[in-house]
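Worksheet: the structure to be examined is printed underneath.
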Amino acid sequence: MRIWKNALLAGALALMSTGLAYAEDVKIGFVVKQPEEPWFQDEWKFAEMAAQEKGFELVQIGAQDGEQVQSAIDNLGAQGAQGFIICTPDVKLGPGIVAKAAANDLKLMTVDDRLVDNEGNPIESVPHMGISATKIGEAVGQAIVDEIKNRGWEMAEVGALRLSYDQLPTAVDRVEGAISVLEANGFPKDQIFDAPQAKTDTEAALNAATTVLNREAGLKKWVAFGLNDEAVLGAVRATESVGIPSENVIGVGIGGADSAINEFKKAEPTGFYGTVIISPKRHGYETAVNMYEWIVDGTEPEGLILTSGQLALRDDYQQVRQDLGISE
Ligand code: GLA
């Protein structure tokens, strides 16, 4: 009996000293920069699915600036969480986030937007899951080129709106991927116009695009691309507000969440021609499971995972969603 008791005690001590935890004790934070955006709502939804499945507690926090990030991390520490996943509002907060996580004894993973150090280089010690931004941008560019040809447009008569948010490396990679394909197909460089967004939402994109459209009023046909669906939707709304008909607009976004799907469902086609669907399930569910396994059995997640995308158009989005296993 005594031996048995001692063995139990020793087991418990071993568990404690290696930091292993039981599922019901595990608490994981999922912090996102733009909680109202459908992409992040979906990430949360799938992270919660992982929580239900594994039996841990998920704490969802929206943090839209550096101060909110700091208090979110302190809050998670005070609640006894063991780790968190974050899509930061600003990648330059990287060193601060790493330090705060360590101070609170929290494991840290990033999703979507990769932290950078003081020199602007990615912080490779933090496991990250993001999209393969350049390749996905190229898919956007190819879809635009194909549709320019399909509509029989002369490249020389078309303007391109580059909805930009250049402080975010993945945003730069996405738009530059699109531009490389446009240029390789003869799109004139000097007809690609930067429309810098103050924020990564539709309203900011609408404002940015409107300025360019008013300035370049001589051009009557437009293509648009950017960081995500919200950027391109903002550009499409801007073309509508200055009276450019939808058949003169080819916008291709990145995302494929409700903002894009609702657009496809409209009775009349808009200038929002397509989107490259990416996977909130992989980004939400997988990162949460990876964090859970890291906490429970010490398996450190892969350092860098890049996920792929699939082009969907107004005409075929239902089929594409079905093929991807995401139709309702
Ligand atoms: C960034 C964008 C989001 C979404 C994700 C995907 O965070 O702001 O809209 O595209 O990347 O990784």
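Values in this text are rule-based calculations from the coordinates and carry no lab data. These figures come from a predicted structure and were not determined experimentally. Ideal geometry is used to build each Cβ from the backbone, glycine not excepted, and the neighbour counts take in all protein chains shown.
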Item to check | Enumeration of residues in the range 54-85 that are free of Cβ contacts under 8 Å to residues at least 60 places away in the same chain, of a type outside the set (A, V, I, L, M, F, W, C) and either in contact with a Pro (Cβ under 9 Å, 6 or more places away or on another chain) or assigned to a helix (DSSP H, G or I) (or both) | outcome: Gln60, Gly62, Gln64, Asp65, Gly66, Glu67, Gln68, Gln70, Ser71, Asp74, Asn75, Gly77
Item to check | Verdict on Val289 being of a type in the set (Val, Ile, Thr) and out of contact with any helix residue (DSSP H, G or I) (no Cβ under 6 Å at 6 or more places or on another chain) | outcome: no
Item to check | Residues satisfying the stated conditions in the range 128-138, i.e. within 15 Å of the ligand (Cβ to nearest atom) and not aliphatic (A, V, I, L, M) | outcome: His128, Gly130, Ser132, Thr134, Lys135, Gly137
Item to check | Residues being within 24 Å of Ala50 (Cα to Cα) and not charged (D, E, K, R) - total across the range 98-114 | outcome: 7
Checklist entry - For Glu300, which of the numbered conditions (1) of a type in the set (D, E, K, R); (2) loosely packed, with under 14 Cβ neighbours inside 10 Å; (3) closer than 20 Å to Arg151 by Cα fails to hold? => result (3)
Item to check | Residues located in the range 120-138, provided they are within 16 Å of the chain's Cα centre (by Cα) and outside any helix (DSSP H, G or I) | outcome: Pro127, His128, Met129, Gly130, Ile131, Ser132
Next on the checklist: If Ile305 meets every condition in (1) farther than 30 Å from Ser125 by Cβ; (2) of a type in the set (A, V, I, L, M, F, W, C); (3) in contact (Cβ under 8 Å) with a residue 40 or more places away in the chain; (4) within 13 Å of the ligand (Cβ to nearest atom) apart from one, which number is that one?
Outcome noted: (1)
Checklist entry - Restricting attention to the range 101-119, does a residue exist that is touching a residue at least 24 places away in the same chain (Cβ under 8 Å) and assigned to a helix (DSSP H, G or I)? => result yes
Checklist entry - among the polar types (S, T, N, Q) and either in contact (Cβ under 8 Å) with a residue 12 or more places away in the chain or in a helix (DSSP H, G or I) (or both), is that true of Thr299? => result no
Next on the checklist: From the list Phe40, Phe46, exactly one residue is part of a helix (DSSP H, G or I), touching a residue at least 24 places away in the same chain (Cβ under 8 Å), touching a Lys or Arg at 6+ places or on another chain (Cβ under 7 Å) and within 16 Å of the ligand (Cβ to nearest atom). Which is it?
Outcome noted: Phe46
Checklist entry - Within the range 140-165, which residues are out of contact with any strand residue (DSSP E or B) (no Cβ under 7 Å at 6 or more places or on another chain) and of a type in the set (Asp, Glu)? => result Asp146, Glu154
Checklist entry - Does the range 139-147 contain any residue that is under 15 Å from the mean Cα position of the chain (by Cα) and within 14 Å of the ligand (Cβ to nearest atom)? => result no
Next on the checklist: Checking the structure you have, find out if any residue of the range 135-144 is surrounded by fewer than 17 Cβ atoms within 10 Å (Cβ to Cβ), in contact (Cβ under 8 Å) with a residue 24 or more places away in the chain and under 30 Å from Asn185 (Cβ atoms).
Outcome noted: yes
Checklist entry - Restricting attention to the range 37-90, and to residues there that are out of contact with any strand residue (DSSP E or B) (no Cβ under 8 Å at 6 or more places or on another chain) and among the hydrophobic types (A, V, I, L, M, F, W, C), which single residue is surrounded by the fewest Cβ atoms within 10 Å (Cβ to Cβ)? => result Ala78
Checklist entry - Looking at Ala257, is it surrounded by fewer than 24 Cβ atoms within 10 Å (Cβ to Cβ) and either of a type in the set (Val, Ile, Thr) or without any contact (Cβ under 8 Å) to a residue 40 or more places away in the chain (or both)? => result no
Checklist entry - Quick one: how many residues across the range 91-103 are among the β-branched types (Val, Ile, Thr) and either in contact with a strand residue (DSSP E or B) (Cβ under 6 Å, 6 or more places away or on another chain) or surrounded by fewer than 16 Cβ atoms within 10 Å (Cβ to Cβ) (or both)? => result 1
